[in-house]
Number of protein chains: 2
Amino acid sequence: MDKNNFFWQIQNGALPPPPAAATLGIRFTAIDGAAGTIEVEFQARPEFTNPAGNIQGGFLAAMLDDCMGPALAATLAAGEFAPTLNLNVAYQRAARVGLIQGKARIVKRGKDICFLAGELYQDDCLIATATATAMVRSLATGV
Amino acid sequence: MDKNNFFWQIQNGALPPPPAAATLGIRFTAIDGAAGTIEVEFQARPEFTNPAGNIQGGFLAAMLDDCMGPALAATLAAGEFAPTLNLNVAYQRAARVGLIQGKARIVKRGKDICFLAGELYQDDCLIATATATAMVRSLATGV
């Protein structure tokens, strides 16, 4: 964990929040960089709804990615970045416009390959779960 | 295939496009309801970018969901809807702000469980692939 990495610079206000996170209305409610866990809150907007009026599953996937990603990002060294290689989402319940809580954790931190897991909740009900594989890269070498 | 279902009513302008699709800047370029294939174009906006300036993987997942979903939706009866149960995405290449092409198809259409596949391209390069499982339900019974 390096407080000079981009994640902590965003948290400290030295860098602006990434646009994707702002679009999803993210708010960090708990960050434990040492444990590799994170809790966040998203604002599911009317702009994310499908023809049935529920939140489109893909936007829930975006929230899960934006929950698992930061769980790992909080632990990176300065100059490192961790693009997602695989994202697997299971949908348990339809989600509505409003607040959605997300929890994510590092399942296994390898030298460069990392396994992540996360869940979304609305009104204390589980709505979606996910796993992801990410690869730690240096920003200098690109993704 | 029923031209009175919600998908074709949206295509015909009788119903408004779903907000999620509008947010992703979707445009249908080819629809073959009989074959269960579809081609679309998305507008990847600056609001979808991650700290590296690339399109956040979750928003690519949303595009893939919004490409595979319509491939199935075009074949549904009026009053049917097909929520996604599982979505699995693999990321092959970073995507930038701009146009993204999507292709999707029905791999297997069961009585209610359907298997779908899709890909995204940017500048003729493959950027992400996905499979999904969806379940056909009646809107009257909810999701």
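Observations, loosely collected:
- Sole exception among (1) more than 7 Å from chain A (Cβ to nearest Cβ); (2) farther than 23 Å from A:Arg93 by Cα; (3) at pLDDT 95 or above for B:Ala71, by number: (2)
- Screening segment B:19-30 for residues that are crowded, with 17+ Cβ neighbours inside 10 Å and over 12 Å from the mean Cα position of the chain (by Cα) and picking the one that is nearest to A:Ile55 (Cα to Cα) gives B:Pro19.
- Scope segment B:35-49; condition out of contact with any Lys or Arg (no Cβ under 9 Å at 6 or more places or on another chain) and facing another protein chain (nearest Cβ under 7 Å); matching residues: B:Pro46, B:Glu47, B:Phe48
- Screening B:Tyr121 with (1) closer than 26 Å to B:Phe81 by Cβ; (2) in contact (Cβ under 8 Å) with a residue 12 or more places away in the chain gives one miss only, at (1).
Residue by residue, here is whether (1) under 24 Å from B:Thr49 (Cβ atoms); (2) in contact with a Pro (Cβ under 9 Å, 6 or more places away or on another chain); (3) among the basic types (Lys, Arg); (4) surrounded by fewer than 16 Cβ atoms within 10 Å (Cβ to Cβ) holds:
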residue: A:Ala61; (1), (2), (3), (4): yes, no, no, no
residue: A:Met68; (1), (2), (3), (4): yes, no, no, no
residue: A:Ala71; (1), (2), (3), (4): yes, no, no, no
residue: A:Val89; (1), (2), (3), (4): yes, no, no, no
residue: A:Ile100; (1), (2), (3), (4): yes, no, no, no
residue: A:Gln122; (1), (2), (3), (4): no, no, no, no
residue: A:Leu126; (1), (2), (3), (4): no, no, no, yes
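- Residue ID - farthest from A:Gly36 (Cα to Cα), chosen from residues in segment A:116-142 that are among the hydrophobic types (A, V, I, L, M, F, W, C) and not in a strand (DSSP E or B): A:Ala140
- On inspection, A:Ala52 fails the criterion of being under 30 Å from B:Phe81 (Cβ atoms), buried (at least 21 other Cβ atoms within 10 Å of the Cβ), touching a strand residue (DSSP E or B) at 6+ places or on another chain (Cβ under 7 Å) and within 12 Å of chain B (Cβ to nearest Cβ).
- Meets criteria (closer than 20 Å to A:Ala94 by Cα and away from chain A (no Cβ under 14 Å)) for B:Asp66: no
Per-residue answers, yes or no, for (1) touching a Gly at 6+ places or on another chain (Cβ under 9 Å); (2) at pLDDT 95 or above; (3) among the charged types (D, E, K, R):
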| residue | (1), (2), (3) |
| --- | --- |
| A:Gln43 | yes, yes, no |
| A:Thr49 | no, yes, no |
| A:Gly53 | no, no, no |
| A:Ala61 | yes, yes, no |
| A:Asp65 | yes, yes, yes |
| A:Gly79 | no, no, no |
| A:Ala82 | yes, no, no |
| A:Asn88 | no, yes, no |
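The values are calculated or read from the model by the stated rules, or taken from the named source; none is laboratory data. Just so we're clear, the structure is a prediction, and the values are computed from it rather than from any experiment. Using ideal geometry, Cβ is built from the backbone for each residue, glycine included, and neighbour counts are taken over all protein chains shown.
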